[in-house]
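A short write-up of the structure that comes next.
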Amino acid sequence: MPERLFVCTPSKLGTYADCPRRYRYSYLDRPAPPKGPPWAHNSLGSSVHNALRAWYALPPQRRRPEAVAGLLKGSWVTEGYRDDAQERAAFDRALSWLESYLAELDPAAEPIGVERVVAVKTGVLAFNGRADRIDSRPGENGPELVIVDYKTGRSGLDADDARGSQALALYAYAAERVFRRPCRRVELHHLPTGTVAAHEHTPESLQRQVTRAEQTARDIVAAERELADGVAPDAAFPATPSNRCGWCDYRRNCPEGSGVPGQDPWAAVERAAAA
């Protein structure tokens, strides 16, 4: 009998690559261990993404600067902030990012997709993922697709970040097959700085990222088999302790991770404001 395809998203693959233990806590343990409190930086990122989705849901004639504040207010996620003052300051910064970013866009331009799910099957994977935006732009041989990913976190993103992003490559690989148009360019749009980090993939570089994802899937399946065969859960899915443990939802449940000092839910927002 053929092996069953491994159903995955970029988040699922990335979680295992970062820490197999966190993968087990997130996707296998039932009931799942309790998570820590929500993170303010996740709330901020979700708010901005939601506002941009709402912007493109408007008719083109209503995509005007005065609409932005209302869209952000209607999309705002309040969780994780230290207090009302920090939340208001974060709202004001996000509004400034959106106003600057959208001022550079043609309000009449219609993307091929906004938060569009794309899916593809390989010999190993049944992949699906939700791309922030898929544009259609002129290419040498006709229209080509571009994957756009919004970023609100760390600065200093460059072409290497776009090139190395497995998620963006998998989106491009899937979008090319869903829409039957070339899709090689991927872009990270960093709203706080208004910069764009981009990379032009080749069919070979996209295939390398697919092969890498397939190997991660094989590693996960092998670990799950070990677990089913009676190997201790923490041995089948070992932790990879690092400073990132301080930001992990499951730090308190993990013997290795609990040794790393935890971060306050609002710490990333506070640091960004001070930068």
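Things to note:
- Residue match in region 218-227 (condition: in contact with a strand residue (DSSP E or B) (Cβ under 9 Å, 6 or more places away or on another chain), closer than 19 Å to Ala131 by Cβ and at pLDDT 95 or above): no
- Positions within region 250-266 being open to solvent by less than 70 Å² (accessible area, probe 1.4 Å), under 26 Å from Arg218 (Cβ atoms) and of a type outside the set (Gly, Ala, Ser), in sequence order: Tyr250, Cys254
- Odd one out for Arg4, checked against (1) closer than 15 Å to Ala217 by Cβ; (2) not in a loop (DSSP other than H, G, I, E, B): (2)
- For region 170-197, a tally of residues being touching a residue at least 12 places away in the same chain (Cβ under 8 Å), within 25 Å of Leu102 (Cα to Cα) and open to solvent by 40 Å² or more (accessible area, probe 1.4 Å) returns 6.
- Selection of region 248-275 for residues being of a type in the set (Asp, Glu) and under 16 Å from Ser155 (Cα atoms) yields only Glu270.
- Close pairs (7 angstrom Cβ cut-off, 6 or more residues apart or separate chains): under 20 Å from Val114 (Cα atoms) and in a helix (DSSP H, G or I) in region 147-168, open to solvent by less than 50 Å² (accessible area, probe 1.4 Å) and aromatic (Phe, Trp, Tyr) anywhere: none
- Residues in region 212-242 that are within 20 Å of Val120 (Cα to Cα), open to solvent by less than 70 Å² (accessible area, probe 1.4 Å) and not acidic (Asp, Glu) were compared, and the one that is nearest to the chain's Cα centre (by Cα) is Ala213.
- Scope region 157-169; condition open to solvent by less than 60 Å² (accessible area, probe 1.4 Å) and either β-branched (Val, Ile, Thr) or out of contact with any helix residue (DSSP H, G or I) (no Cβ under 6 Å at 6 or more places or on another chain) (or both); matching residues: Leu157, Ala159, Asp161, Ala162, Gly164, Ser165, Leu168
- Check on Glu200, closer than 30 Å to Ser155 by Cβ, modelled with pLDDT of 95 or more and open to solvent by 50 Å² or more (accessible area, probe 1.4 Å): yes
The values are calculated or read from the model by the stated rules, or taken from the named source; none is laboratory data. These numbers come from a predicted model, not from an experiment. Reconstructed Cβ throughout: ideal geometry from the backbone, glycine too, with neighbour counts over all protein chains shown. Calculation scope for accessible area: heavy atoms of the full protein, side chains included, ligands and nucleic acids excluded. Shrake-Rupley method; radii C 1.70, N 1.55, O 1.52, S 1.80 Å.
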